[in-house]
Amino acid sequence: MAIAFGSRLLAQSSSLSYPSARRADVIDDYFGTKVADPYRWMEDLNSPELKQWVDVENALAFGYLNTLPQRDALKARITELWNYPKVTPPQYEGGHWFYTRNTGLQRQSLVFMRETLNGPETVVLDPNSLSSDGSIALSAFVPAPDGRHFAYGQSQGGSDWSTYYIRELGTGRELPDVIRWVRSISVAWTKDGKGFFYGRYPEPRPGKALEDALRDKKIYYHALGTPQSADLLIYERPEEPTLFIDVDIDESGRYV
């Protein structure tokens, strides 16, 4: 019976009419060896032609997948298994306890705060409010040691790039500070909470953020209330441009 079911699906899938992909006359010459790359045009992620091709592919795929008899049952069972409360261990910083919690099926976990472990909790940040369609994810949450602010990173569309913002912990008011071109959780606040060290890459070419190679990461210091263009360059390794450099501050706050 399983063989008959599999044969039926195979026959159905083989009858599908897949969209044709344009083949371009692109050939690279690597030291005398010629390598054809006819689909180079698909590397332009903002191309209307590529978007149209992907849309047709998605319509074909989901038109087939949605007819599978076990799809709804599997989805229901997976949803049932995933629907349970999730909470992270608390982190103590700046006189507060921070942790995240998800009731079960929330798209992203909320960040909570308590003054004491047994005290009442407060929602510090709800990542689900960052975008209506869930395309923006919380990539990092870093509270300041003085208990007055926190930095948080946003990544869009599944990208590894993060943009950091700063909010007041007590009021939730967002500061005008914006830190771009960060790709790791390398934010280290100074003990006085007046600023932080972080690592960032040079700004990619327009429209090429997902394509340009990662090189020349540098460590900067950002003072609250100042533009990113005024950040101080602290450390770089120009002779080793492919190194991944991160930053941290020791427990005394004296050394980076």
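The values are calculated or read from the model by the stated rules, or taken from the named source; none is laboratory data. Owing to the predicted nature of the structure, the values given are computational and were not obtained by experimental measurement. All Cβ positions, glycine included, derive from the backbone under ideal geometry; neighbour counts span all protein chains shown. Note: areas computed on protein heavy atoms with side chains; ligands, DNA, RNA excluded. Shrake-Rupley method; radii C 1.70, N 1.55, O 1.52, S 1.80 Å.
Numbers for the structure displayed
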| quantity | calculated |
| --- | --- |
| Dimensionless Rg ratio for segment 17-93, taking C-alpha atoms and the 2.2 N^0.38 Å reference | 1.92 |
| For segment 188-250 versus segment 18-75, the gap between their alpha-carbon centres in whole angstrom | 35 |
| Percent RCO, i.e. relative contact order, over segment 31-163, from Cα pairs under 8 Å lying at least 6 residues apart | 13 |
| Accessible surface, per residue, of the chain when the full set of protein chains is kept, probe 1.4 Å, Å² | 65 |
| Listed residues 111, 81, 125: farthest to the positive end of the dipole of segment 72-130 (Cβ charges) | 81 |
| Extension gain, residue 49 back to residue 106 (0.36 nm per residue minus Cα-Cα distance, nm) | 17.1 nm |
| Amide hydrogen neighbours beyond the local backbone of residue 141, cut-off 5 Å, H modeled | 153 |
| Global form of the chain, assessed from the alpha-carbon gyration tensor, a/c cut-off 1.5 | oblate |
| Rounded to whole Hz, the Karplus (6.51, -1.76, 1.60) HN-Hα couplings of segment 207-216, x for glycine and proline | x, 10, 4, 8, 10, 5, 5, 7, 8, 6 |
| Amide proton proximity set for residue 125, modelled H, under 5 Å, gap of 5+ | 111 |
| Rounded to the nearest 20 debye, dipole of segment 198-256 from Cβ charges on Lys, Arg, Asp, Glu | 200 |
| Accessible-area composition of segment 144-208, carbon plus sulfur, in percent [1.4 Å probe] | 45 |
| Estimated vicinal HN-Hα couplings, Hz - segment 217-229 in sequence order (Karplus 6.51, -1.76, 1.60; Gly, Pro = x) | 5, 10, 9, 10, 10, 10, 8, 4, x, 10, x, 4, 4 |
| The chain - charge dipole about Cα centre, Lys and Arg +1 at Cβ, Asp and Glu -1, debye rounded to 20 | 660 |
| Cβ crowding within 10 Å averaged over residues, with 160-172, 128-140 ranked highest first | 160-172, 128-140 |
| Contact order relative to length of segment 178-220, as percent, for alpha carbon pairs under 8 angstrom and 6 or more apart | 35 |
| The chain: relative contact order as a whole-number percent, Cα under 8 Å and 6+ apart | 8 |
| Cα-centred dipole magnitude for segment 136-240, charges only on beta-carbon of K, R (+1) and D, E (-1), debye, nearest 20 | 120 |
| Whole-Hz couplings from phi, Karplus 6.51/-1.76/1.60, listed for segment 91-99; x for Gly and Pro | 10, 9, 7, x, x, 9, 9, 10, 7 |
| Neighbourhood net charge (12 Å Cβ-Cβ; Lys/Arg +1, Asp/Glu -1) for residue 175 | 0 |
